[in-house]
Amino acid sequence: MSKKTDQMIQRIQTIYLILALVVTGVLPYCFPLWEMADGTAVYFMTNMLFTILFGLSTMLSVMSILFYKKRQHQFVLNRLNIILNLILLGLFIYRSLNLSGETNLVSEKGIGMFLPIVAIVFLVLANKAIKKDDDLVKSVDRLR
């Protein structure tokens, strides 16, 4: 591996960001958002808004990983990603509350509805690690 790649992977926030990337970019294909009363699973691809929001969240995670030398940019991108995942979670909750009263629509919530929560947790952990790195660099700069 190159020295540049080693520096990027050695930082714990990169691991958290990769996990957030997997949660928003890979797992939605595996877990349904909910199941209909007739037993058919509904995935995020059935709604264009969900597809766009998951795609934006994945893109923000990739951009944040690539900005590993610019901690402030990473921090801002992660904040935007957290807001985006909160919007996605709000849409899932709104949809499940509105449709759960219908007898023939939604019968069971899927694991996919909780993926934004997991992504938010990883993004918050990444932001804590970025802040810790930034504080460490600032304290070293003060000593010079």
Checklist entry - Which pairs do you get when a residue that is part of a helix (DSSP H, G or I), found in region 120-144, comes within reach of a residue that is at pLDDT below 85, reach meaning Cβ atoms under 9 angstrom, with the pair 6+ apart or on two chains? => result 129/11; 130/11; 133/11
Item to check | Only one of 58, 51 that is modelled with pLDDT of 90 or more, surrounded by fewer than 17 Cβ atoms within 10 Å (Cβ to Cβ) and among the hydroxyl-bearing types (Ser, Thr, Tyr) | outcome: 51
Checklist entry - What pairs can you find where one residue is in region 71-85 and under 19 Å from residue 134 (Cα atoms), the other is open to solvent by 30 Å² or more (accessible area, probe 1.4 Å) and of a type in the set (Lys, Arg), and their Cβ atoms are less than 9 Å apart, with a gap of 6+ or different chains? => result 71/131; 75/131
Next on the checklist: Condition check: surrounded by 15 or more Cβ atoms within 10 Å (Cβ to Cβ), within 16 Å of residue 26 (Cβ to Cβ) and hydroxyl-bearing (Ser, Thr, Tyr). Does residue 68 satisfy that?
Outcome noted: no
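For every residue, the table says whether it meets (1) surrounded by 11 or more Cβ atoms within 10 Å (Cβ to Cβ); (2) at pLDDT 90 or above.
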| position | (1), (2) |
| --- | --- |
| 105 | yes, no |
| 110 | yes, no |
| 118 | yes, yes |
| 134 | yes, no |
| 139 | no, no |
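The values are calculated or read from the model by the stated rules, or taken from the named source; none is laboratory data. What you see is a predicted model, and the numbers here were worked out from it, not measured in a lab. We place every Cβ from the backbone using ideal geometry, glycine too, and count neighbours over all the protein chains shown. Please note that ligands, DNA and RNA were not included when accessible areas were found on the heavy atoms of the full protein model with its side chains. Shrake-Rupley method; radii C 1.70, N 1.55, O 1.52, S 1.80 Å.
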